[in-house]
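Peer 1: One structure follows; several queries about it will come next.
The values are calculated or read from the model by the stated rules, or taken from the named source; none is laboratory data. Just so it is clear, the model here is predicted, and its values are computed rather than measured. The area values use the complete protein model at the heavy-atom level, side chains included, leaving out ligands, DNA and RNA. Shrake-Rupley method; radii C 1.70, N 1.55, O 1.52, S 1.80 Å.
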Amino acid sequence: MPKMKTKSSAAKRFTKTGSGKLKRNKAYKSHILTKKSTKRKRNLRQSAITDATNVKNMKKILPYL
């Protein structure tokens, strides 16, 4: 059986934490920032844990993570 391929786009966006959860960065922080409040932009800087509903699909996309 051939090796499974990792989706390189997902590999760039997700990292595994020590407890095995998937860490991701938040969206909506790249452009059109003038209308967003400072508080909102500051909160978008922090990383988040991937929701449990998506973890099964992410494990399939990232077999060696």
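Peer 1: Which condition from (1) open to solvent by 60 Å² or more (accessible area, probe 1.4 Å); (2) modelled with pLDDT under 95 is the one that Val55 breaks?
Peer 2: Only one criterion is unmet by Val55, namely (1).
Peer 1: State the number of residues belonging to region 10-49 that are open to solvent by 60 Å² or more (accessible area, probe 1.4 Å) and either assigned to a helix (DSSP H, G or I) or of a type in the set (D, E, K, R) (or both).
Peer 2: Here the count works out to 15.
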